[in-house]
Amino acid sequence: MEKKIVFASHNENKVREVREMLSPLGITVLSLSDLGLKQTAEETADTFEGNSLIKAKDIAARCEIAVLSDDSGLSIEALDGFPGVHSARFMEGHSYVEKNKAILERLSGVSNRKAAFITAMTYISADRKIEKTFIGKDEGHILTAFPAGKQNGFGYDPIFFSDALSKSYGEATEEEKNAVSHRGRALRKVVAYLRSENDGTDTGNR
């Protein structure tokens, strides 16, 4: 099993989630900052899977340890999947409070508020012989307003109501969110695969 994996992100919230999931396996998770690297490849794909692979290959070409990358976002049914792969770049330069308000405005008067958080997570082994992508998805809907009370999480968490949790991500604890979140689901598939790699079985990539 890998002893070190670099998670191809500068987002400390994401890095922390990955560390929490992989540390029980005895794997040290490094960030790009730990290796003095920056993501240089442009995310030009129109799918989460495609962008995740682009990011993983970019970092794999510039280091010698295993790589894990992800591309994730919010997909809203009534908006034809928007913001989707553009979730992070939507209203770039604005705060997520402003982004969330803009999403709520776009859905003003819309009855269909179905949405899902989706993560595609790509693993490339240290010897570069293995490339696998794992998908995680959590379904729910977009709230009509910010819920009252203390807000946790980050990004679009405050306005996404998870069917699995029966509350918004913003109202959930870190442990509750990790148990059902898109990234948590994808990471559990990664964990299962890494364990299977160690004992000689293969659990697949979906």
>> Given the criteria of a type in the set (Gly, Ala, Ser), surrounded by 14 or more Cβ atoms within 10 Å (Cβ to Cβ), closer than 20 Å to HIS86 by Cα and in contact with a strand residue (DSSP E or B) (Cβ under 6 Å, 6 or more places away or on another chain), does GLY155 qualify?
In response: no
> Would you say ALA116 is aliphatic (A, V, I, L, M), surrounded by fewer than 16 Cβ atoms within 10 Å (Cβ to Cβ) and either touching a residue at least 24 places away in the same chain (Cβ under 8 Å) or on the phi > 0 side of the Ramachandran plot (or both)?
Replying inline: no
>> Checking MET21 against (1) in contact (Cβ under 8 Å) with a residue 60 or more places away in the chain; (2) out of contact with any helix residue (DSSP H, G or I) (no Cβ under 6 Å at 6 or more places or on another chain); (3) open to solvent by 10 Å² or more (accessible area, probe 1.4 Å), only one condition comes out false. Which one?
In response: (2)
> Taking segment 24-47 as the region of interest, how many residues are surrounded by fewer than 16 Cβ atoms within 10 Å (Cβ to Cβ), part of a loop (DSSP other than H, G, I, E, B) and of a type in the set (D, E, K, R)?
Replying inline: 3
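State whether one or more residues within segment 160-167 are without any contact (Cβ under 8 Å) to a residue 60 or more places away in the chain and open to solvent by less than 10 Å² (accessible area, probe 1.4 Å).
Within segment 160-167 (the criterion being without any contact (Cβ under 8 Å) to a residue 60 or more places away in the chain and open to solvent by less than 10 Å² (accessible area, probe 1.4 Å)), the answer is yes, since at least one residue qualifies.
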>> Step by step: first the residues of segment 78-96, then only those that are within 19 Å of the chain's Cα centre (by Cα) and assigned to a helix (DSSP H, G or I), then the one that is farthest from THR47 (Cα to Cα). Which residue is that?
In response: TYR96
> Tell me, which strands (runs of 3 or more DSSP E) lie completely within segment 98-206 with 1 or more residues that are over 19 Å from GLU77 (Cβ atoms) and modelled with pLDDT of 95 or more?
Replying inline: 114-124, 131-142
> Is there a residue being modelled with pLDDT of 95 or more, closer than 30 Å to SER111 by Cα, open to solvent by 20 Å² or more (accessible area, probe 1.4 Å) and among the small types (Gly, Ala, Ser) anywhere in segment 63-80?
Replying inline: yes
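The values are calculated or read from the model by the stated rules, or taken from the named source; none is laboratory data. The structure displayed is predicted, hence computed values, not measured ones. Please note: Cβ atoms are built from the backbone with ideal geometry, for glycine as well, and neighbour counts cover all protein chains shown. Quick note on the areas: whole protein, heavy atoms, side chains included, nothing else; ligands and nucleic acids left out. Shrake-Rupley method; radii C 1.70, N 1.55, O 1.52, S 1.80 Å.
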